[in-house]
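Just below is one structure, and these are the notes that go with it.
The values are calculated or read from the model by the stated rules, or taken from the named source; none is laboratory data. Predicted, not measured: the structure shown is a model, and the values here were computed from it. Cβ atoms come from the backbone with ideal geometry, glycine included; neighbour counts cover every protein chain shown. Note: accessible area is taken over every heavy atom of the protein model, side chains too, but ligands, DNA and RNA are not part of it. Shrake-Rupley method; radii C 1.70, N 1.55, O 1.52, S 1.80 Å.
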Amino acid sequence: MVTAKVWVLKKHFEGFPQTSDFEMKQEALANLKDGELLLESVFLSVDPYMRPYSKRDMKEGDVMIGTQVARIVESKNPAFAVGAFVVANRGWRTHFISDGKDLNLLPASWPESLPKSLALGTVGMPGLTAYFGLFEVCKMKPGETVLVNAAAGAVGSVVGQLAKIGGCKVVGCAGSDSKVAYLKKIGFDEAFNYKTVTCLDETLRKASPDGYDCFFDNVGGEFASIAINHMKKYGRIAVCGAISQYNDTVPQKGPYIQFPMIFNELSMKGFIVTSWYNRREEGVKALLKWVLEGKLKYHEQVTERFENMPAAFIGMLKGENLGKAIIKV
Ligand SMILES: NC(=O)C1=CN([C@@H]2O[C@H](COP(=O)(O)OP(=O)(O)OC[C@H]3O[C@@H](n4cnc5c(N)ncnc54)[C@H](OP(=O)(O)O)[C@@H]3O)[C@@H](O)[C@H]2O)C=CC1
Ligand SMILES: CCCCCCC/C=C/C=O
């Protein structure tokens with residue numbers, strides 16, 4: 001019999017998550033029935049959505065939500081061979097049993113040269129968020145100027161590079177000078193540290209005096225309120241995330257957005273990446289191709305050991321990650 005380690009939400013987060021809000025437990029897994037598989041997590045993902053979704057969808061004592069790349073260690077299902085790797089959505093667990101219906105096999109064409117953890121990042125959910133958010137929600141066109149915040153993270157770093165692939169000028173910001181240097185290295189035309197600029201309004205104007213056609217907003221709050229005034233006529237805003245607000249205990253009061261929306265005839269659309277998953281295969285194929293061609297660079301912030309998942313999650317929310325935050329079990 002296999003015993004899985006799992007992390008549960010011991011206490012709902014109040015403000016910034018604390019390690020004491022989590023508890024590690026053990027779960028005895030039953031023997032496999034016909035049609036079932038036993039899987040072990042190899043890489044797990046910590047993502048910002050876990051913070052707002054924990055409040056919306058979880059109760060205390062539930063296993064933390066999340067995805068993993070897992071290896072099939074035992075199979076009583078002829079459609080799944082032992083040794084194959086899958087992406088699963090089974091939460092913070094070291095091992096689990098599946099009937100195969102909720103698994104996505106890694107593409108057979110997955111190259112040996114690429115880490116399988118990319119299926120949780122650049123070639124996974126965050127990469128797909130950038131792909132559909134930029135091409136479908138922002139409807140980015142060649143020659144335009146794109147603004148993205150949280151640009152050195154899992155989604156933002158792909159947004160900026162896809163904008164370059166698509167023939168745009170790209171401006172990004174991040175929370176440290178080393179992240180800014182990374183953005184320049186991967187091809188951003190302009191990049192700045194939003195924590196140290198003296199005037200965000202002036203910095204945005206200087207980076208693109210004519211304004212922005214597309215704004216891929218990962219952050220919300222004050223940044224978005226200022227950036228909206230820098231949109232060009234008919235500009236498009238993809239409301240992807242609002243990480244600056246996820247840990248607020250008192251909702252922020254923003255300036256009101258009607259004036260720039262009306263006078264510049266802007267479009268602003270929120271989206272959830274999974275609504276585009278009917279085209280998941282197309283997105284994965286495109287992202288994988290660009291990675292293999294060297295046009296789409298990636299960086300992963302790998303935390304070793306399942307035991308360190310809460311620390312990795314909290315660290316990611318604090319900005320300790322460059323690129324995708326990953327846990328290697
Ligand atoms: N709509 C959708 O379907 C999806 C939305 N998202 C959203 O996209 C955003 C980025 O996600 P992801 O790329 O996975 O995460 P990241 O890898 O970018 O990690 C989060 C980053 O957010 C930045 N950050 C944290 N707090 C603040 C703050 N107060 N102000 C500005 N930046 C902050 C930090 O970088 P720094 O050092 O630069 O501050 C941190 O590294 C999130 O808002 C997330 O919720 C993600 C996936 C799908
Ligand atoms: C199967 C994983 C689903 C992830 C959906 C993420 C949506 C994110 C919203 C904001 O961060």
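Data for the structure
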{"read-out": "Positive dipole terminus of the chain, leading residue within LEU266, GLY254, ALA150 (C-beta point charges)", "value": "LEU266"}
{"read-out": "Degrees, to the nearest 10: 154-165 long Cα axis against longest axis of the chain", "value": "60 degrees"}
{"read-out": "Cys with no candidate disulfide partner in the chain (beta-carbon separation under 4.7 Å rule)", "value": "CYS168, CYS173, CYS199, CYS240"}
{"read-out": "Residue with peak Gaussian network fluctuation, the chain [Cα springs, cutoff 10 Å], from LEU128, LEU118, LEU105", "value": "LEU105"}
{"read-out": "Three principal axis lengths of the chain [C-alpha, angstrom, descending]", "value": "64, 44, 34"}
{"read-out": "With every protein chain in place, the chain: carbon and sulfur % of accessible area (1.4 Å)", "value": "53 percent"}
{"read-out": "Amide H contacts under 5 Å for ALA191, placed H, 5+ residues apart", "value": "GLY172"}
{"read-out": "Nearest-20 debye value, the chain charge dipole, Cβ charges on Lys, Arg, Asp, Glu", "value": "380 debye"}
{"read-out": "Two-decimal Rg to Rh for segment 125-274 - Kirkwood Rh, Cα set", "value": "0.93"}
{"read-out": "Segment 22-152: projected area of the alpha-carbon convex hull, averaged over directions, in nm²", "value": "10.9 nm²"}
{"read-out": "Additional length obtainable on full extension of the chain from ASP62 to LEU29, 0.36 nm per residue less Cα span", "value": "10.2 nm"}
{"read-out": "Cα long-axis angle, helix 309-318 against the chain (0 to 90 degrees, to the nearest 10)", "value": "0 degrees"}
{"read-out": "For segment 125-274, size of Cβ-based charge dipole, Lys and Arg +1, Asp and Glu -1, in debye", "value": "220 debye"}
{"read-out": "Antiparallel content of DSSP bridges confined to the chain, in %, to 5", "value": "55 percent"}
{"read-out": "Solvent-accessible area per residue for the chain (1.4 angstrom probe, square angstrom)", "value": "47 Å²"}
{"read-out": "Candidate residues GLU304, GLU293: accessible-area rank, largest first, probe 1.4 Å", "value": "GLU304, GLU293"}
{"read-out": "Cα→Cβ-extended label distance, 7 Å offset, between ARG71 and CYS199, nm", "value": "5.7 nm"}
